[in-house]
1. Residue pairs, Cβ under 9 Å, 6 or more apart or interchain, first in region 172-196 and within 17 Å of LEU210 (Cβ to Cβ) and surrounded by 13 or more Cβ atoms within 10 Å (Cβ to Cβ), second acidic (Asp, Glu) and modelled with pLDDT of 85 or more. List them.
2. Hey, can you tell me all the residues within region 162-193 that are more than 23 Å from LEU57 (Cβ to Cβ) and in a helix (DSSP H, G or I)?
3. Checking ARG211 against (1) assigned to a loop (DSSP other than H, G, I, E, B); (2) touching a Gly at 6+ places or on another chain (Cβ under 8 Å), which test does it fail?
4. Check ALA157 against each of (1) buried (at least 24 other Cβ atoms within 10 Å of the Cβ); (2) among the small types (Gly, Ala, Ser); (3) more than 18 Å from VAL236 (Cα to Cα); (4) modelled with pLDDT under 85 and name the one condition it does not meet.
5. Within the group PHE244, PHE163, which residue is surrounded by 21 or more Cβ atoms within 10 Å (Cβ to Cβ) and either more than 14 Å from the chain's Cα centre (by Cα) or at pLDDT below 85 (or both)?
6. Would you call THR133 modelled with pLDDT under 85, over 14 Å from VAL71 (Cα atoms) and surrounded by fewer than 17 Cβ atoms within 10 Å (Cβ to Cβ)?
7. Quick one: how many residues across region 213-249 are within 30 Å of ILE99 (Cβ to Cβ) and free of Cβ contacts under 8 Å to residues at least 40 places away in the same chain?
8. Of all residues being within 14 Å of the chain's Cα centre (by Cα) and at pLDDT 90 or above in region 182-203, which is farthest from ASN73 (Cα to Cα)? Just the residue, please.
Amino acid sequence: MITTIYILWLRQLKRYWRSKSRIVGSVGQPLLFMVALGFGLGPIFAKAGGGSYIDFLGPGVIAQAILFMAVFNGVELIWDRQFGFLKETLVAPVPRWAIILGRTLGGATISTIQGVIVLILTLLIGFRPVSVTLLPLALVFMILIALLFTAIGTAIATLMDDFHGFQLIMNFLVMPIFFLSGALFPVTNLPAMMHTIVRLNPLSYGVDGLRYALIGVGGFSPLLDLAVLMVLSVFVLVIGSHLFSKIQM
């Protein structure tokens, strides 16, 4: 069982490193947000008393890179189903939850690597973390964001067998999740309805935790951020395992 999890995890990593265009393409959008919004709205943000918008925006675009990479890992499950690899995996004498766990861990590892790459690139643009000692905590939040949204993408992919339908649904979900997470704006002093939406958004806790770890500012408690992400990750993994167990060969 552990061998199966490891093999699936390693297979995900090999796919990632073989696709250079995927690596480059997935960092393009976060860096565009960082440059266009960071420098474009930076003076306005500073005049409003918010300080450096580049520093504020950095954790948000790192979370964005992880989010997009994580949820679209589900495409590979559909790909494997259509081209027969999934059938070969399902006949293996291991529980199906081990298969979904291996795939999810592989996708989460890839998404975390992507987040670290974007973090390094933001440093070149001008983003500066407040403390090196909190970087391990930032990595923990990256891993939890990656794990949660890889699990979500994989769970949805188990219900679908069409690439285009999956991408449409993911785009419909991902953009609101990102824009309503506080990645681009402070979550304090929001209207009541907007504040409720932000609180119900799981990415809000990831962005908030990253922001606390990287620039020392947060709207929620970092312990609450960790608790919400961990509980939701386990919950979605359980749901995904149940859905995956229903897949017919």
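The values are calculated or read from the model by the stated rules, or taken from the named source; none is laboratory data. Treat the numbers as computed from the prediction; the structure is a model and nothing was measured. Neighbour counts run over all protein chains shown; Cβ positions are idealised from the backbone, glycine included.
1. Close Cβ pairs (under 9 Å, with a partner that is acidic (Asp, Glu) and modelled with pLDDT of 85 or more) amount to SER181/ASP208; GLY182/ASP208; VAL187/ASP208.
2. Taking region 162-193 first, the residues more than 23 Å from LEU57 (Cβ to Cβ) are 162-170, 172, 192-193.
If the condition is that a residue be more than 23 Å from LEU57 (Cβ to Cβ) and in a helix (DSSP H, G or I), then PHE163, HIS164, GLY165, PHE166, GLN167, LEU168, ILE169, MET170, PHE172, ALA192, MET193 are the ones that fit.
3. (1)
4. (3)
5. Values: PHE163 fails: surrounded by 21 or more Cβ atoms within 10 Å (Cβ to Cβ).
Going through PHE244, PHE163 in turn, the sole match is PHE244.
6. Details: modelled with pLDDT under 85: no; over 14 Å from VAL71 (Cα atoms): yes; surrounded by fewer than 17 Cβ atoms within 10 Å (Cβ to Cβ): yes.
No.
7. Adding up the residues that qualify gives 8.
8. Start the filter on region 182-203 by keeping residues that are within 14 Å of the chain's Cα centre (by Cα), which leaves 183, 201-203.
Checking which are at pLDDT 90 or above leaves us with 201-203.
On the way: ASN201: 20, PRO202: 18, LEU203: 17 Å.
Filtering first and then ranking leaves ASN201.
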